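**Student:** Below is one structure. I have some questions about it.
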Amino acid sequence: MFGRHILGMTDFSADELHALLTLALRMKRREDTDLHLDGRDLGLLFHVPSTRTRVSFQVAAAQLGGRSYTYGPEELRLANNETIEDTAGVLSRYLSALVVRWYDMADYGAGHRRLRTMADHASIPVINALDDEEHPCQVLADLLTLRERFGEGLPQRRIVYTWAYSSRQKTPGVLHSSLLAAALLGHHVTFAHPPGFDLDERYVKQAHTLAAASGARLDFCDDMAEAVRGADAVYVQSWKSLQLTGQHEWQARTRLADRWRVTEPLMALAAPGAPFLDCMPSNRGEEMDAEVKDGPRSLIFEQAENRLHAQKALLAMVLGSAARADGPARTAGDEGARR
């Protein structure tokens, strides 16, 4: 994977995903403490605010022996209409890789196109930190969390991803990447959403093609309770309608507020002990009740922590090979002794 752009889940093979998750687990257990990014400079370009993604990448770079620098478009000449193409070319001369978050909820697809343009004109790896179509970094952490819970039996478990009401429009990126990951890895997943909030048909078709090869089972329904019944894990996420626009979207979303929310009675329909997942940010009383988000089934902070470990593994696989090419990577212990 050395030097590769990571713009979506299909930039990985199933074997690469397994290898990355195995490395992430080893890093989390401190069985791999190599400074894979020794001497590397990581740029973080965020068009919209971020907590988990920004901080986890900053800490990941530092723990791997690298450095990170964070920018907003208003801090660069992008604010004065310098092109994405020129920006990518210039930053490629300073940085080892560029992590980019870019989307505009009023213009679906534009953020993903910007990332692809940047990747086309960059001579360094470009990593998607969430656009309007995909969020591969979040899904790597989700897969790590589910693997920790279910182990090698994960493909035999049924994971439900359900839409829920939110007063804020959100990108369907997590869902598209989750769908593709399940299709690549042969998992059994159910996606529940109300009519009018269907996922992008391009991603659904691509996932079905991948599932035919992997043996994955991909189910879709418009009944939240029926989807959750007997599920081994319940993942909540809101996303904007790709079919409805403007006031029609807001009216439809508001009408669904009471019926599409994860509650304790809903979780009781899932398999005994089924965990609750939510990538955050989310609001108690909107996507889910406080009793669910803060309850004993909730894995939300494990997910948040696993952003760090999954992204350390990703950076090591995309950038770490060159460090090893010059000789063995230093370890954290070596770094401490050097200081």
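**Student:** Rounded to the nearest 500 deg cm²/dmol, what is the calculated helix-only ellipticity per residue at 222 nm for the chain, with -39500 (n - 2.57) per DSSP H run of length n ≥ 4?
**Tutor:** Values: 13 runs with 146 residues, N = 339.
Calculated mean residue ellipticity at 222 nm is -13000 deg cm²/dmol.
**Student:** Could you work out which residue, out of 111, 320, 196, moves most in a Gaussian network model of the chain, that is, has the largest mean-square fluctuation with Cα springs under 10 Å?
**Tutor:** Greatest mean-square fluctuation among the candidates belongs to 196.
**Student:** Okay, moving on. Can you work out the Karplus-derived ³J(HN,Hα) for every residue in the range 248-265? Use 6.51 cos²θ - 1.76 cosθ + 1.60 with θ = phi - 60°, whole Hz, and x for glycine or proline.
**Tutor:** Ordered by residue, 3J(HN,Hα) equals 4, 5, 5, 5, 5, 4, 5, 5, 8, 4, 6, 8, 10, 8, 7, 10, 4, x Hz.
**Student:** Ok, one more. Using the Cα gyration tensor of the range 45-101, with a ≥ b ≥ c the square roots of its eigenvalues, what is the shape: rounded (a/c below 1.5), prolate (a/b larger than b/c) or oblate (neither)?
**Tutor:** Numbers: a/c = 2.97, a/b = 1.49, b/c = 1.99.
Note, shape of the range 45-101 comes out oblate.
**Student:** Ok, one more. Excluding residue 286 itself, calculate the net charge of residues whose Cβ lies under 9 Å from the Cβ of residue 286, where each Lys or Arg counts +1 and each Asp or Glu counts -1. Walk me through the numbers on the way to the answer.
**Tutor:** Working: positive: 168, 261, 284; negative: 287.
In short, +2.
**Student:** Further, regarding this structure: Based on the alpha carbons, how large is the Rg to Rh ratio for the chain when Rh follows Kirkwood?
**Tutor:** Ratio of gyration radius to Kirkwood radius: 0.97.
**Student:** Now for a different question. Give a residue-ordered list of calculated ³J(HN,Hα) values for the range 128-134 (Karplus: 6.51 cos²θ - 1.76 cosθ + 1.60, θ = phi - 60°; whole Hz; x for Gly, Pro).
**Tutor:** 6, 9, 3, 10, 7, 10, 9
**Student:** List the aspartates and glutamates whose Cα sits under 14 Å from the Cα of residue 28, skipping any in the same chain fewer than 8 residues away.
**Tutor:** 148, 302, 305
**Student:** With all protein chains present, how much of the accessible area of the chain (probe radius 1.4 Å) comes from carbon and sulfur, to the nearest whole percent? List each step's numbers first, then the result.
**Tutor:** Values: 6740 of 14190 Å².
Ligands and nucleic acids excluded, carbon and sulfur give 47 percent.
**Student:** Let me ask you something else. Out of residues 5 or more away from residue 44 or on other chains, whose amide H comes under 5 Å of its own, with H placed 1.01 Å from N in the peptide plane?
**Tutor:** Distant-sequence amide H within range of residue 44: 69, 70, 71, 99.
**Student:** Would you look at the GNM of the chain, springs on alpha carbons closer than 10 Å, and say which of 57, 301, 46 moves the most?
**Tutor:** Comparing 57, 301, 46 in the GNM, the peak value goes to 301.
**Student:** On to the next question. If I fit a long axis through the Cα atoms of helix 14-28 and take the longest principal axis of the Cα atoms of the chain, what angle between them do I get, 0 to 90°, rounded to 10?
**Tutor:** Its long axis makes an angle of about 70 degrees.
**Student:** Solvent-accessible area per residue for the chain at a 1.4 Å probe radius, Å²?
**Tutor:** Values: 14190 Å² over 339 residues.
Here the residues of the chain average 42 Å² of exposed surface.
**Student:** I'd like to compare 78-87, 154-163: which one has the highest average count of other Cβ atoms within 10 Å, and what's the full order after that? It would help to have the intermediate numbers written out before the result.
**Tutor:** Numbers: 78-87: 13.1, 154-163: 20.4.
Ranking, from highest mean packing down: 154-163, 78-87.
**Student:** Here is a follow-up. Once amide H atoms are placed 1.01 Å from N in the peptide plane, what residues at a sequence separation of 5 or more from residue 109, or on another chain, have their amide H within under 5 Å of its amide H?
**Tutor:** It is 132, by chain and number.
The values are calculated or read from the model by the stated rules, or taken from the named source; none is laboratory data. From a predicted model like this one, the values you see are computed outputs, not experimental measurements. We place every Cβ from the backbone using ideal geometry, glycine too, and count neighbours over all the protein chains shown. What goes into the accessible areas is simple: the full protein's heavy atoms, side chains included, and nothing from ligands, DNA or RNA. Shrake-Rupley method; radii C 1.70, N 1.55, O 1.52, S 1.80 Å.
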